[in-house]
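Structure first, then comments.
Nothing in this text is a laboratory measurement; each read-out follows from the coordinates by a stated rule. Just so it is clear, the structure is predicted and the values come from calculations on it, not from any experiment. Every residue, glycine as well, gets a Cβ built from its backbone with ideal geometry; the counts of neighbours run over all protein chains shown.
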Amino acid sequence: MALLTLQGISKHYLQGELQVNALSDINLNVEEGEFAALVGPSGSGKTTLLNIIGGLDAPTQGLTQLNNTDITGLSEAELSDFRLFQLGFIFQAYNLVPVLSALENVELVMVLQGRHANERRERAEHYLQLVGLQDIMQRRPSALSGGQQQRVAVARALAAGPRLVLADEPTANLDSENATALLDIMHRLSHEEKTTFIFSTHDPRVMERAERIITLHDGKIVSDECHQRHHEPTI
Amino acid sequence: MGKAHSHLPLSMLLMLAWRNVWRHRRRTLITLSSIAIGFGLAVLFIGIGDGSHNSMIRNAIKLGDGHITIQPESYLQAPANYKYISDGVTLSTALDALNINGSVSARISLQVLASTANNSVGAALEGFVSNNDQRQQMLEPLLIDGSWIEAGDHRGIVIGDGMARKLKVKVGSKVVLMAGKRGGDSQAQLGRVRGIFDSHVDELDDFLVLSDLQFAQYFLAGEGAIIAQAPVTRFAVFLDDPDSITYWNTLIKSAIDNDSVAVLDWQEMMPQLVQFIIIDDAGNYVFLILILIMVVFGIVNTVLMSVLERTREFGLLRALGLGRRHLLLLVFCESLLLSVLAVVIGWIVGGGTHWWFSQHGIDFSALMPDGTALMGTFMDPVIFTELSWDRVTQLTTIIFVTTLLSGIYPAIKAARITPVEAIRT
């Protein structure tokens, strides 16, 4: 059974008196361990779809089933707990809590999960090491570069042990070198940790690293293709 | 889905809140400074208020009838010369047996007409045992002419300069004191002026005639009292510890157990003074309310700005799984820490200011050239600020609760943030 199933997802909202159809009749299955990209031009509905998958936004109609749970039927508090234990998030920017160090940021979700202090410290250090930040884990976000901050976000997302990581344009604010490095880390960890990744992008560098590309246009899926990776990780 | 729920330990909550409070160090310091200065001023003003009130109360008690007064039951409602305690000896013995921490003065109060060849004025004759009375200790230093009544001087009187002017008398002059008797007759005694005082309190200077107890007892004898039983109008009890009034009041009442006498504390004896202090206190509370408004705006401004600036961060936290309740707690905890800091700094500033003025005093004499007489008593011209523990608790609670309440709105606003809208900003 698929890890994620979307059935007939639509999202409409009013902009003034005009109804905007952000998503129309989206049907999608994502299997465990996939490294999939949602692509399309700005306004195509990528972020809205990611928000609905992540339970951050509710669809106007349709069903979102993740790990055998219909999340469209969950209360707000249940959704909050669901996100905490099942999902990891990487946003485009402002991913980290400014008053916490890199290590504390990675630990934060595990603190909320109620994990033991030793376990979370161990896991946080491990994942920061995996993303190559073991030497600067005590720094606060303001002392980290954009690429380093995104890597901390990847470490945080994975350290909490989610079934699915959702990344909304994770490389949008990064230069080419940092974007490539981040994608390679995400891809490698996706395979090593057997964690499913869905990320939105309109960056061609990101697209060519995805194993599956789902293209959206005007709120509809216009293509869904599986790709072979051409590039080996650079780190 | 399992039953696992999000969990935010207190240590993490406090750590996040503490760091958030100091995120904008300058803003926090400015807020704390304004609250602390306001709080310090409130403490100072209330300290001055309490200091001046207590000064008035102490003087009123000394000039009046002590912390506790024992007098005929209906005397307070309708004073009359024929209302007296006929058996002063028995009552005095009962009081002595209590070993009161303080002193007890026997007094006689009579309404008389003071006359000379030049004029006649209504007066209040107060007879007491010379050299053993707080009132003497207050007024003797204020003598402007003559001397105090010697022990055993049964004809000597001391009057205020206002009365001396009206009667046109000086030290050595004779004054006839006439008192009405029950049944319509009158009786008179001759007194001789030994001293003239000036207290700057019109109620004392114009009306008070002080004499030895025995002189006043002549009038009670005219009412039928037996001198051998030491008749008196009242006993004034002066306590070493003014905070023990309730204790001694209860004890005296049970020891006397006599329906014909009333045991009253100074507040029952001087209700007008109590009313004056309540009204004056209300003025201080208006000032305190203004300070509180400043505190509320300071906290709301700081915390609300901090919330609005962090909308996206709150969205991130909510997306990661932090519940609304935890977010509300976090922001409320930030207000709580600001409150604690404000109260601590406020007390350092306010307490320091109070301590200084409680030791050195503030001289108000230049502001009150016509004297400091009020409500039949007077305030010492140099006021030493006073704060009781009740006031400390009261002020701390008021400021603390106010600052906490100020944090409610920003906390609710933060908790209402939805992740998807916050992340879009």
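Once you mark the GluC sites (Glu not before Pro) that are in a DSSP loop and have at most 16 other Cβ atoms within 10 Å, what is the longest gap between them in chain B?
Formally, the longest exposed-site-free interval is B:151-425.
Suppose we keep just the DSSP beta bridges with both residues in chain A; what percent of those would be antiparallel, to 5?
Values: 22 of 40 bridges.
Bridges in chain A are about 55 percent antiparallel.
Taking only Cα atoms and a 10 Å spring cutoff, compute GNM fluctuations for chain A and point out the largest among A:VAL20, A:VAL165, A:VAL39.
A:VAL20
Give, as a single signed number, the net charge of other residues whose beta carbon lies under 10 Å from the beta carbon of A:LEU50, with Lys and Arg counted +1 and Asp and Glu -1.
-2
From other protein chains only, count the Cβ atoms within 10 Å of every residue's Cβ in A:54-62, then give the mean.
2
Any idea how many Lys pairs in the protein assembly as shown come in under 16 angstrom at the alpha carbon, given 8 or more places apart or on separate chains? Don't skip to the end; give the middle numbers.
Details: A:LYS11/A:LYS46; A:LYS11/A:LYS220; A:LYS46/A:LYS220; B:LYS83/B:LYS181; B:LYS166/B:LYS174.
Taking the protein assembly as shown as the scope, the lysine pair count is 5.
Would you kindly state how much longer the chain becomes between A:VAL20 and A:ARG205 on full extension, computed as 0.36 nm times their sequence separation minus their alpha carbon distance, in nm to one decimal?
Answer, rounded to one decimal: 63.6 nm.
Shape verdict for region A:72-144, please, from the Cα gyration tensor: rounded (a/c under 1.5), prolate (a/b greater than b/c) or oblate.
Judged from the Cα gyration tensor, region A:72-144 comes out prolate (a/c at least 1.5, a/b above b/c).
Considering the options A:LEU189, A:GLY219, A:LEU174, tell which one lies farthest towards the positive end of the dipole of region A:112-235, charges being +1 on Lys and Arg and -1 on Asp and Glu at the Cβ, about the Cα centre.
Towards the positive end, the residue furthest out is A:LEU189.
What is the extension gain from B:LYS170 to B:PHE364, computed as 0.36 nm multiplied by their sequence separation minus the C-alpha to C-alpha distance, in nm to one decimal?
Once the chain is fully extended between B:LYS170 and B:PHE364, it gains 66.6 nm.
Roughly how many nanometres apart are two label points built 7 Å out from the Cα toward the Cβ at B:THR250 and B:ALA94?
Here the answer is 1.9 nm between the modelled labels.
Any idea how far apart A:ASP70 and B:LYS181 come out in nm if each label point goes 7 Å out from Cα toward Cβ?
If labels sit at A:ASP70 and B:LYS181, their model points lie 10.8 nm apart.
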